[in-house]
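Inspection log for the structure reproduced underneath, given as structure tokens.
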Amino acid sequence: MEVEIDVPKLIDTNIAPGPTIIEHKENAQVRKKGSILDELLEDLEDENNYDSEIKFTELIPDNIPIIWEAYISTISDTAHGSYLPIAQKSKPIFDGEATLVFSEDNSISLGFMEKNKAEIQLFFKEKTGKSLQLKFELNKTESNEKKKVFKTTKEKFKEMAEINPVLLELQKRLELDFEY
């Protein structure tokens with residue numbers, strides 16, 4: 001007993017170019033839904049519709065804040081703990097060649113930024129098409145370098161009395177002595 005099955009020709013053996021995979025898809029008569037061939041054909045169609053020209057943002061100092069804001073918006077839903085406010089406060093500075101400099105006010109912020117260094121580099125590479133070096137610095141401000149000054153009780157009272165002279169009268173009435 002012989003059975004004939006109508007199967008579309010997938011490979012054209014003639015020298016002239018044969019039909020495309022898309023044409024075979026339209027000519028196919030029996031095919032299971034969700035088959036591997038369907039998936040391959042859909043992928044091929046997607047590739048044909050894909051714009052192969054990738055557009056990068058020019059790497060100039062004026063574009064760095066724009067790219068940084070785009071980075072902030074992409075991490076806003078996934079950032080853990082205090083990283084998002086630290087990143088929002090940070091303002092990267094481009095040196096004009098291949099380095100972004102982040103200046104942080106404290107070592108904790110510096111640590112968070114260094115921890116996410118690879119993620120930041122990857123984002124900038126995707127947006128600009130260029131690899132950048134990241135440099136993290138700790139700002140040396142007066143508040144960081146301010147030394148604690150210890151005052152005697154007499155000095156503290158003198159400062160308070162300058163602000164509020166009634167304290168001198170109170171000291172005399174109560175016969176208070178701040179010298180011990």
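Structural remarks
- Set side by side, the residues Phe178, Phe157, Phe150 differ, and just one is surrounded by 12 or more Cβ atoms within 10 Å (Cβ to Cβ), part of a loop (DSSP other than H, G, I, E, B) and modelled with pLDDT under 90, which is Phe178.
- Of all the criteria given as (1) in a helix (DSSP H, G or I); (2) without any contact (Cβ under 8 Å) to a residue 12 or more places away in the chain; (3) touching a helix residue (DSSP H, G or I) at 6+ places or on another chain (Cβ under 8 Å); (4) outside the structural domain of Leu176 (by TED's automatic domain parsing), the one not satisfied by Ala79 is (1).
- Within the stretch 64-78, restricting attention to residues that are farther than 15 Å from Phe94 by Cβ and more than 9 Å from the chain's Cα centre (by Cα), the residue that is surrounded by the most Cβ atoms within 10 Å (Cβ to Cβ) is Thr78.
- Restricting the first member to the stretch 94-121 and to residues that are closer than 19 Å to Ile60 by Cα, and the second to residues that are among the β-branched types (Val, Ile, Thr) and not in a strand (DSSP E or B), the beta-carbon pairs closer than 9 Å and six or more apart or on different chains are Phe94/Ile60; Phe94/Ile64; Gly96/Ile60; Leu100/Ile64; Leu100/Ile120; Phe102/Ile120.
The values are calculated or read from the model by the stated rules, or taken from the named source; none is laboratory data. These figures come from a predicted structure and were not determined experimentally. Counting neighbours? That spans all protein chains shown, and the Cβs are built from the backbone with ideal geometry, glycine included.
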